[in-house]
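The values are calculated or read from the model by the stated rules, or taken from the named source; none is laboratory data. Only a predicted model underlies this, so the values are computations on that prediction, with no experimental measurement involved. When we count neighbours, we look across all protein chains shown, and the Cβ atoms used for this are built from the backbone with ideal geometry, even at glycine.
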Amino acid sequence: MENNKKVLFICKGNWYRSQMAEAIYNKLTNSKDAHSVGACAGDPGEPVGQKLSDLFKKTDFFEVMESHGMNVRDKVTKRLLPEMLDQYDTIVSMVEEPFIPEFLKNHEKVIWWSVENPEFVDKNVAEGTYEKIEKLVKDLINIKNTTLKA
């Protein structure tokens, strides 16, 4: 499926939800059109430039992703910068208040998803988050494909 539309997924720290959405989108579209960042990556408690495998004490998140054919262990956390918004056709934010940067709040390209940022991730939480994000990503792909055909 070739759509050549770039998508940016954003969550608070870029070590769970947005990384999951990026991987799912790229797998379903057989592309590398999606990227992910964190609104607070680099803030205290939200490391930037860190491998995901170094951030999780338990491997449940990775095992769930791998059971669906995606390996995100070596992905690295990145921080959202204002200039990034102009580089993408669609921006999907899962950032919750009070962590939403002002420059993101009313940006015309932003689609807002409500996906909980869990306190901890075990297998059940990872599976539940995966199912929710996969459905949202499939809906997003369908919307984008409908728009491209119009």
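Below are the figures for this structure:
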read-out: Residue satisfying condition, being of a type outside the set (G, A, S), closer than 20 Å to K123 by Cβ and touching a residue at least 24 places away in the same chain (Cβ under 8 Å), within set Y16, Y88, Y25; value: Y16
read-out: Complete set of residues in the range 100-121 that are in contact (Cβ under 8 Å) with a residue 60 or more places away in the chain, more than 13 Å from the chain's Cα centre (by Cα) and closer than 16 Å to L8 by Cβ; value: I100, P101, L104
read-out: Search result, residues across the range 22-40 that are among the hydrophobic types (A, V, I, L, M, F, W, C), outside any strand (DSSP E or B) and closer than 20 Å to Y130 by Cβ; value: A23, I24, L28
read-out: Selection status of V115, within 21 Å of Y25 (Cα to Cα) and not in a strand (DSSP E or B); value: yes
read-out: Some residue of the range 129-143 being in contact with a Ser or Thr (Cβ under 8 Å, 6 or more places away or on another chain) and either among the charged types (D, E, K, R) or surrounded by 14 or more Cβ atoms within 10 Å (Cβ to Cβ) (or both); value: yes
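Residue-wise test of (1) at pLDDT below 95; (2) in contact with a Leu (Cβ under 7 Å, 6 or more places away or on another chain); (3) assigned to a strand (DSSP E or B); (4) of a type outside the set (V, I, T).
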| site | (1), (2), (3), (4) |
| --- | --- |
| G42 | yes, no, no, yes |
| G45 | yes, no, no, yes |
| V48 | yes, no, no, no |
| F56 | yes, no, no, yes |
| M65 | no, no, no, yes |
| M70 | no, no, no, yes |
| R73 | no, yes, no, yes |
| I91 | no, yes, yes, no |
